[in-house]
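The values are calculated or read from the model by the stated rules, or taken from the named source; none is laboratory data. Fair warning: this is a prediction, and the values are worked out from it, not measured in the lab. Backbone-built Cβ (ideal geometry, glycine too); neighbour counts: all protein chains shown. When the accessible area is computed, the model is the full protein with side chains, heavy atoms only, and any ligands, DNA or RNA have been set aside. Shrake-Rupley method; radii C 1.70, N 1.55, O 1.52, S 1.80 Å.
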Amino acid sequence: MVVDDHPMWRDAVERDLQAAGLQVVAVAADGTQALARFAAARPQVVVLDLQIPAPNGVEVTKQVLQQDPSARVLILSASGEQDDVLEAVKAGATGYLVKSASREELLDAVRRVARGDSVFTPGLAGLVLGEFRRLSEPGGDPSITGNPELTERETEVLKMVAKGMSYKQIAERLVLSHRTVQNHVQNTLRKLQMHNRVELTRYAIERGLDED
């Protein structure tokens, strides 16, 4: 689903996705339309502008993932401001591209987000990881507690997720199938009671696994 209040931009993104063989099941011009059409169409990926008529993109992201935790939200925004990026990620967005991204970058991001990878415009990933490190310091975010029992392989995969590696890269490094890596990630998400790789990355960083 493509959500943007600028008709020319929305139509162009829809056209590019369809030309690449992806199925666009719905489009929307504002937050209210987006939530109603998401519930009806149940898209796998939502390509979402942040600055849309209320509710805005951050609120839409939250409500979409409340409706369907398996959905993926890719923010496509004119803003690369730190506050906007962090608010989107904290709401559960799996990726964030600025609108200066090329058609090829957008298509690649949509496909990767659909697989569960986290995708960011260059420079923004470091910003997000830096914020998660800050939150993990004493006096930071206390929301994640406990230490669920992960297998050695799950911990190994988790470390690679924290470094920003894709499923394909992890599979090649560990000589596993793409499906096996996905299964390890899904098992880890279930054990930690999390919904996506962004939350998983945050968990790993808070425990220093990305620096192992």
Original post:
Given R₀ = 30 Å, FRET efficiency for A78-A40 by Cβ-Cβ distance, to 0.05?
Top reply: 0.60
**OP:** Starting from the Cα gyration tensor of region 1-65, take the square roots of the eigenvalues, sort them a ≥ b ≥ c, and report rounded, prolate or oblate (rounded when a/c is under 1.5, otherwise prolate if a/b is larger than b/c, else oblate).
**Re:** oblate
Original post:
Could you state the number of Å between the C-alpha centres of region 77-125 and region 24-56?
Top reply: 16 Å
Subject >> Heavy atoms of D11: accessible area, 1.4 Å probe, square angstrom to 10 >> reply: 70 Å²
Original post:
Karplus couplings for region 31-36 from phi (6.51 cos²θ - 1.76 cosθ + 1.60, θ = phi - 60°), rounded to Hz, Gly and Pro as x?
Top reply: x, 5, 4, 4, 5, 5
Original post:
What FRET efficiency comes out for the pair E172/H6, r = Cβ-Cβ distance, R0 = 35 Å, nearest 0.05?
Top reply: 0.30
Original post:
Rounded, prolate or oblate: which one fits region 1-119, using the alpha carbon gyration tensor with axes a ≥ b ≥ c (rounded when a/c is under 1.5, else prolate when a/b beats b/c, else oblate)?
Top reply: rounded
